[in-house]
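The values are calculated or read from the model by the stated rules, or taken from the named source; none is laboratory data. These numbers were taken from a predicted model, which means no experiment stands behind them. Cβ sites come from the backbone with ideal geometry, for glycine too, and all protein chains shown count toward neighbours.
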């Protein structure tokens, strides 16, 4: 089974621009979560989608948004980029079954904001 | 708020020298505790999920255990390829997000 895929793998943007990152979950997985990883803050939760509905959102400003499509693919968008948005953005997919749910991560998109 | 603390921050081992990593947590009702391995520049790779105190899981040289307040990841007779950052995360009941610790970076020298 193919794993979680993320595109693009690397991005360089300048302050003020916006960016869209894409995530394709493992086939059959309906939940997609996004995380930001930085050396200073570690892995922090951005938001989670299930069947096209956002079920949970982390403590990030409104510049960070996302969506999920009917085929479970997900995108996240960051508008008005700031230098501090430079990070590894990770997508994880899962197939919740009752109370058990394991999230599987993709390789990430490395974003550098100049 | 869920809190996860991992120790030590870094661990340098000689090949074959067994050791343990600690993950202490506070969470309002544990849904699951997860261990991941992350290599530089890559996404976290799933290792184990533990759901209840007393549970243990093994995979090759790794063994994870869980109590009501902490989890241990035991590395038995490590090899250089076990060098990585090991991440612990918890998921609270009725929640969908993972709360991660800062990780333990393990370096195994041949």
Strands (runs of 3 or more DSSP E) completely within region B:63-109 that count 2 or more residues being farther than 30 Å from residue A:32 by Cβ and in contact (Cβ under 8 Å) with a residue 12 or more places away in the chain:
B:70-75, B:104-109
Scanning region B:3-26 residue by residue, the ones that are over 16 Å from the mean Cα position of the chain (by Cα) and either closer than 27 Å to residue A:59 by Cα or part of a loop (DSSP other than H, G, I, E, B) (or both) total 3
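Residue A:93: in contact (Cβ under 8 Å) with a residue 12 or more places away in the chain and not in a loop (DSSP other than H, G, I, E, B), yes or no?
For residue A:93, the condition - in contact (Cβ under 8 Å) with a residue 12 or more places away in the chain and not in a loop (DSSP other than H, G, I, E, B) - is met.
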So which residues in region B:89-110 are out of contact with any helix residue (DSSP H, G or I) (no Cβ under 8 Å at 6 or more places or on another chain), more than 16 Å from residue B:5 (Cα to Cα) and more than 11 Å from every other protein chain (Cβ to nearest Cβ)?
B:107
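Among A:67, A:15, which is in contact with a helix residue (DSSP H, G or I) (Cβ under 7 Å, 6 or more places away or on another chain), at pLDDT 95 or above and either over 22 Å from residue B:40 (Cβ atoms) or more than 12 Å from chain B (Cβ to nearest Cβ) (or both)?
Only one candidate qualifies: A:15.
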Filter region A:10-64 for residues that are without any contact (Cβ under 8 Å) to a residue 24 or more places away in the chain, within 15 Å of the chain's Cα centre (by Cα) and part of a loop (DSSP other than H, G, I, E, B); the one that is surrounded by the most Cβ atoms within 10 Å (Cβ to Cβ) is A:58
Right, residue B:86: surrounded by 13 or more Cβ atoms within 10 Å (Cβ to Cβ), over 13 Å from the mean Cα position of the chain (by Cα) and within 14 Å of chain A (Cβ to nearest Cβ) or not?
no
Residue in region A:102-114 that is more than 8 Å from every other protein chain (Cβ to nearest Cβ), surrounded by fewer than 19 Cβ atoms within 10 Å (Cβ to Cβ) and at pLDDT 95 or above present
yes
Hey, does region B:37-46 have a residue that's under 14 Å from the mean Cα position of the chain (by Cα), more than 14 Å from chain A (Cβ to nearest Cβ) and under 21 Å from residue A:42 (Cβ atoms)?
no
For residue B:68, indicate whether it is farther than 19 Å from residue B:11 by Cα, surrounded by 22 or more Cβ atoms within 10 Å (Cβ to Cβ), at pLDDT below 95 and over 10 Å from the mean Cα position of the chain (by Cα).
no
Does region A:71-83 contain at least one residue that is within 12 Å of chain B (Cβ to nearest Cβ) and surrounded by 12 or more Cβ atoms within 10 Å (Cβ to Cβ)?
no
